[in-house]
Structure formats: C-alpha cells, structure tokens
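The structure appears below as structure tokens.
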Amino acid sequence: MQSHRRRNARREQRETRLRESDVDCILNAMFGKPFLDFQREVEETKRKDPAKRKLYSAPNFIHPFDDPRIFQKLKDDRRTRDWLEDPKYVALIQGLKGSLEGFEEKFINDKYRPQLLMTLRVLTFGRDGNAVVEKNTLPPGTGYLPGDLGMWWMEILHDAERVKFSESEAQRQAGNAAYNAKDYDKALKHYKKAVRVYPFDIKSQLNIGAVYLEKKKYHDCIQSSMEAVEVGLENSSQNFYIAKAYMRIGRSYQKLGAHEKAKTFYEKSLALESSAEVVALLDELEKLMQGQTPKPTKSKAMEAKEDGNVLFQKGDCVAAVKSYTKAISLDCGDHEAYLRRASCYIKLSDLESAMKDCFKSLALSQIVWNAVKAVWGGDIGRRIEPSRSRRRLLMCPAVSVSYIQCFRIL
C-alpha cells in the first residue's frame, strides 16, 4: 500500500514538472507509467510469452538508444552529425544505452529535451531509422527494434511534438487558403512560419516550392523542392510527396530551358509514384526536345481537382464532390482525388461513401496500403476501437495526417 502511494506521489510530481515545462502531452504517451515500469513490463512479457522472449532478446533491443549502430546513424544524419563533436551530447547518449534509468528526468528537462527529441526522431523516422528498416534485408545477426515497441517510442515522440505540429498545421491551412485565393505572398509567409514551427512535415516545405513556381521564381522553387526531398527522406514521408517535389523541380528546369535536367527529375518522380500529370509533362517535354510543338494544355484531370480544392476551401462540399468526381473520371489512378472527395463526404456526413473512397485511395497508393495492412494485421475491413485505430495509424510513418483525418470515421 505504501509503495502504491509512493508511486502515485511520484506520478503527481512528474505531472507537475511537465506542466511547468509545457510538455503536458508526454505522460499520455508514456501511458502514465515510469520508464522503469516499461522495462519491467517488457521483462514480464518475456517471461510469460516464449515468442516475445525471443523477439525482445539480443541481438534485438527494446529501445532506440540501445541500438548498436546508434552513433553511426547519428553521424549519417545531418541533424545530429555536429552534436557528436560535443562530449556532453555523446555522454548523454552513452548514458542511455542499456538501462533507461534517468531518461524520464532528462526528457522533461528543457536543457536536454530538444536534443533527445531530435535524436529519437532520427532513430525512429530517419533514413535508416527503425521505422524504415526492412527486417528481411538485415545481415544475419543484426538486431532491430521490434515493431510493437517501436510504435510505443513513436507515440512518445508524436505526443511530445503534438502542440507544435498543430500550430504548424494551422499555419499551413492558412497558407492554403491564401494560395487558393492567389495571394501568393501571404501564402508564402504562412508556409515559412509552418516550417519554422515544425520543420519535419514535407507538405509545408513542398507548398513553399509551389508558391515559387507560381511566382516564376524557378531557382527558388528548385532549392525549396530539393529541401522538401531531404525533409521527406529524413522523416519517412510518403513517396507521393517526394515524387511531387521532383515534379516541381522538373517543371522549374523546363521553364529555365534545362530540358535534360527536367527530364531527369520527371523520371525520378515517375520512379517513385505513377502520375498521369507527370507522364503528360514528360511527353510534352520529349516532343519539345525533338523539335515538335506540344499543345500548351493543362491536364483536365488536374484542373478539375484544383477546382474541387477551391470549392472545398469555400465550404461548398457538394460542388467540390462533383469536381473531384470529374477528376477521378479523367484519371482513375489519382489516389489524392479519392482522398479529397472522402474529406467532402465526411463534411456531408456521408460516411459510407467516405469509407469507400478512403480504402480506394489507400489501395491506389501501395506504400500506404502496405503500411495499414501491417498495422492492422491484414484485416483491413475490421472496425476496431476508434482511439486505438487512430493511435496505431498515427504511429505508422507511411500514413500521413491527411489519411488519419479520414479514418476518424472508423
């Protein structure tokens, strides 16, 4: 009983410290339990479940900071590379290998939290973080962080960054409204602020490139789109967004007359994600390079989708559905059009139609489809408890927030 009261007292103290340091979401990510309790639960699970005993044992590890390749991964990432020259940072990371004792106090300490958050992001969502590693491609004897434990750590990161992400998303949406109104200077200010607040979302960086393209600042578009590619690769973004960045780089080079470079980036875009728009752009470019005069027409499907975007921003979801339906009829392989029409159906409370479009969108974007199957164990049609489904999808790096928003109907 006394032990129980002491534990409750410690929990209250932690909650107080978190409020004082403005990290009120973190304890929810920890499920209200100290990290040492987490380790005890892992040991208890290993004792009861033979399969988990093997999965949670060497060469595998139960938390990202115990990764044998941790310093190589931190060295390979531009966001943490320079910190390795600081002996204090190296000592901080060394002290977390093996036992997690002391992690919680450092995690809520303003002195250590920024570096720990970034380190955790690199180790989970980075180019070779555990979120993206292909287990069947690892050399024999190489360990990894088991998927269920990996999601636990991703949830800690997500909850710790939730406030900043929400602020950034609000700025991005304000930028979208200004962009659709063709107020590009105002849109650019909002997008840049979104990136400053939360620099890990490829969509905000991608939108900056879109503004520069409209303003005919092609060199700036190339630079910002290249940065979007880096952000996407560093944070396990969907191929769809990286492909879009490559497309805008290609369009900028084409406008600058650098046709070979434009062709290279169009092909890079298509290698990641099939797109009728990019196919049309590449076809137009190749005709231009062969001396033919291509028709200066924009993809009708793209025009219909953009009309739907404007109508959706105005709140006219009925008309937006018609525009997205037209876009789908012209390009039935555009998963984004299905997704946006699903958003309209949600606003209109037509949840059955929204569900159909959500799954169609997922099926067309194979990388996301595979991710959701992995999260739900292949039983895609099964309805599971809403908060659990949202949390598990949030932790899946291949599923963006726009998809998760649609899945609130589950």
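The values are calculated or read from the model by the stated rules, or taken from the named source; none is laboratory data. Owing to the predicted nature of the structure, the values given are computational and were not obtained by experimental measurement. No Cβ is skipped: glycine too gets one built from the backbone with ideal geometry, and neighbour counts run over all protein chains shown.
Restricting Lys244, Lys261, Lys268 to those that are over 24 Å from Leu330 (Cβ atoms), of a type outside the set (Gly, Ala, Ser) and buried (at least 17 other Cβ atoms within 10 Å of the Cβ) reduces the list to Lys268.
A single entry from Arg251, Arg341 fulfils the requirement of being surrounded by 18 or more Cβ atoms within 10 Å (Cβ to Cβ), closer than 23 Å to Ile208 by Cβ and basic (Lys, Arg): Arg251. The single residue among Gly98, Gly102 that is without any contact (Cβ under 8 Å) to a residue 40 or more places away in the chain and in contact with an Asp or Glu (Cβ under 8 Å, 6 or more places away or on another chain) turns out to be Gly98.
Counting residues in the stretch 159-175 that are out of contact with any strand residue (DSSP E or B) (no Cβ under 8 Å at 6 or more places or on another chain), within 19 Å of Lys217 (Cα to Cα) and either at pLDDT 95 or above or part of a helix (DSSP H, G or I) (or both) gives one or more.
The set of residues in the stretch 62-104 that are aromatic (Phe, Trp, Tyr) and closer than 17 Å to Asp128 by Cβ comprises Phe65, Phe71.
Scanning the stretch 143-170 for residues that are surrounded by fewer than 21 Cβ atoms within 10 Å (Cβ to Cβ) and of a type in the set (Val, Ile, Thr) turns up just one, Val163. Output yes when any residue across the stretch 103-123 is farther than 26 Å from Glu227 by Cβ, β-branched (Val, Ile, Thr), under 18 Å from the mean Cα position of the chain (by Cα) and modelled with pLDDT under 85, and no when none is. The answer is no, given that none of the residues of the stretch 103-123 is farther than 26 Å from Glu227 by Cβ, β-branched (Val, Ile, Thr), under 18 Å from the mean Cα position of the chain (by Cα) and modelled with pLDDT under 85. Regarding Tyr266, is this residue closer than 16 Å to Leu213 by Cα, without any contact (Cβ under 8 Å) to a residue 24 or more places away in the chain and part of a helix (DSSP H, G or I)? Judged against the criteria, Tyr266 is a match.
The residues in the stretch 320-362 that are within 25 Å of the chain's Cα centre (by Cα), of a type in the set (Gly, Ala, Ser) and either assigned to a loop (DSSP other than H, G, I, E, B) or within 14 Å of Asp307 (Cα to Cα) (or both) can be counted, and the count is 2. Only one of the listed residues (Lys193, Lys203) is in a helix (DSSP H, G or I), in the same structural domain as Leu256 (by TED's automatic domain parsing) and farther than 24 Å from Asp334 by Cα. That residue is Lys193.
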